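Just so it is clear, none of the values below were taken in a lab; they were calculated from the coordinates. Quick caveat: nothing in here was measured; it's all calculated off a predicted structure. When we count neighbours, we look across all protein chains shown, and the Cβ atoms used for this are built from the backbone with ideal geometry, even at glycine.
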Amino acid sequence: MTYQPGERVALVHTTDPHTLLRPGDEGTVRRYHPDPRILDVDWDNGSHLSMCLDAGDRVRRAGRAGPPDTGWQQVLDTLSAAGATVGRAAAQWWAQEALGGRAVGDVRPAARRILAALDDGDPAVLDGLPTADPYFLGDDKARYAEAAPPGAPAWQELTAHRVDEARWVWCGGFDDAVTDEVARQCRIVLHPSGDDRDLSHLHPDRVRLGGPGVFAGDWAWTPNADGEMRVPVGFAGTLVDTWNGWAVFTCTRGVAEAIVADQQAARDRYRKHLAAHGVTGVQQDRLVDESMARMRFDGDVVDVDETRVHGDPDAVERITAGADGRYTVMGRSWTWIAVHPYDCDRIAGDLPDPVEQPPRPAA
């Protein structure tokens, strides 16, 4: 992605721990150095902090400065959308080679690596994506003729500045669409059901009290056929507390039923394992009960019997739904952890969209 002087940008993230700039602050591009990928910005708050894009600083394009020329701005918006259409198509073709039908083997590791590179601005990956060169002038006239809306100025009427603007905005739309579409394709690959939403808000490091997450027992990690450690099923819920460092979460009735079913499936797998080694009958029942709790729904109550697990006749728990109808299943007994949705083969429950944060009040 490239930038031109006069372009408006907004801060997304900076690694500078001392700056007073905050995400959402806007400024005007003064200069862009493509080789080291350093962006010089005159920020509206008076700061002149440069953005080191290869070192983790990130910005996004913002509105144009000064009173807008609405007619010309409409032309630029249309050109940007046209560039985005071509960029998405280029990204989809690229993804077929890297992630799709023409890729070989398990593409999930590649999808994770690409997503991380997009977040970090890693040139080792970004430089391999399709890109539109804003310094190549040969396609300007044809692009403008194809994409400019009805009523736009004729090509020969454009000033040199507007020719440059038209080229840069088309290329910017192309490049932005490429990164967005590549990220979407990666998310489709990684999500158990092909969900293309951005689920970065559900990363375990971002799960906060009162917020959504995907949870599993710390014992759940299992190697798949390729030796990759995976979580067979994750459970969607809301983190409400921690217990000795472990997660305590609430969930819907449907998710609670999935937890009960998963526990029964684990007991069945252990029972088959014992049978394969010649352990049957009463001895088999005893070993299964000593290893894992019995769980079942009794009406609206989750009945958990761990009497043989703990050797305690009183180790029986009956879990009822709270006033909100949500269950806390073994919240302060089992070692639950937050896991990334992309590490799960299946997810029980619905994953929420990120909550819109209220705008930061002006200082």
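Brief remarks follow.
- Residue-by-residue Karplus 3J(HN,Hα) for the range 309-317, coefficients 6.51, -1.76, 1.60, Hz, glycine and proline x: 4, 9, x, 10, x, 9, 7, 10, 10
- Residues Cys344, Cys171, sorted so that the one with the fewest Cβ neighbours within 10 Å comes first: Cys344, Cys171
- Net charge of neighbours whose Cβ lies under 14 Å from the Cβ of Ala124, counting Lys and Arg as +1 and Asp and Glu as -1: -3
- Over the chain, relative contact order from alpha-carbon pairs under 8 Å, at least 6 apart, %: 14
- Chain lengthening between Arg253 and Asp268 when straightened (0.36 nm per residue, less Cα-Cα): 3.1 nm
- The range 202-348 shape via C-alpha gyration tensor axes, a/c threshold 1.5: oblate
- Here the chain is scanned for trypsin sites (Lys or Arg not before Pro) in DSSP loops (not H, G, I, E, B) that have at most 14 other Cβ atoms within 10 Å, and the longest stretch holding none of them is 209-331.
- Efficiency of FRET from Cβ geometry, Ala160 and Cys52, R₀ 22 Å, rounded to 0.05: 0.10
- With the charge dipole of the chain set up from +1 on Lys and Arg Cβ and -1 on Asp and Glu Cβ about the Cα centre, the Cα lying farthest toward the positive end among the listed residues Asn224, Gly56, Gln284 is that of Gln284.
- Nonlocal amide H pairs with Arg230, under 5 Å, H built at 1.01 Å: Thr222, Asn224
- Taking amide hydrogens as placed 1.01 Å from N in the peptide plane, the amide H of Ile347 sits under 5 Å from those of Gly234, each at least 5 positions away in sequence or on another chain.
- Largest GNM mean-square fluctuation among Gln283, Gln263, Gln74, using the chain with Cα springs under 10 Å: Gln283.
- In a reduced charge model with +1 at each Lys and Arg Cβ and -1 at each Asp and Glu Cβ, the chain shows a dipole moment near 360 debye about its Cα centre.
- Using C-alpha pairs below 8 Å separated by at least 6 residues, the relative contact order for the range 8-61 is 39 percent.
- Taking 0.36 nm per residue of separation and subtracting the Cα-Cα distance, full extension of the segment from Glu228 to Tyr135 would add 29.1 nm.
- Under a model in which nothing but the beta-carbon of Lys, Arg (+1) and Asp, Glu (-1) is charged, the range 202-348 shows a dipole of about 180 debye around its Cα centre.
- Springs between Cα atoms under 10 Å define the GNM used for the chain, and in it the highest mean-square fluctuation of Leu99, Leu11, Leu20 occurs at Leu20.
- Under the criterion of Cα pairs below 8 Å and six or more residues apart, the relative contact order for the range 70-190 equals 54 percent.
- Gaussian network model of the chain, Cα within-10 Å springs - most flexible of Asp139, Asp25, Asp262: Asp139
- Fewest-first sequence of Trp168, Trp93 by Cβ atoms within 10 Å of each Cβ: Trp93, Trp168
- Point-charge dipole on Cβ atoms (K/R +1, D/E -1) for the range 70-190, about Cα centre, debye to 20: 400
- Under a 5 Å amide H cut-off, with hydrogens placed 1.01 Å from N, Thr2 pairs with nothing among residues at least 5 apart or on other chains.
- The 3J(HN,Hα) values that the Karplus relation (6.51, -1.76, 1.60; θ = phi - 60°) gives for the range 112-122 are, in residue order, 5, 5, 5, 4, 4, 5, 5, 5, 8, x, 6 Hz. Gly and Pro appear as x.
- Trp72 paired with His203, simple spin-label distance in nm, labels 7 Å along Cα-to-beta-carbon: 4.0
- Residue-by-residue Karplus 3J(HN,Hα) for the range 20-35, coefficients 6.51, -1.76, 1.60, Hz, glycine and proline x: 8, 5, 10, x, x, 4, 10, x, 10, 5, 9, 6, 10, 9, x, 5
- Of all DSSP beta bridges confined to the chain, the antiparallel ones make up roughly 95%.
- Sequence of Ile188, Ile259 once ranked by neighbouring C-beta atoms within 10 Å, starting from the fewest: Ile188, Ile259
- Relative to the current alpha-carbon distance between Gln92 and Asp314, full extension at 0.36 nm per residue lengthens the span by 74.0 nm.
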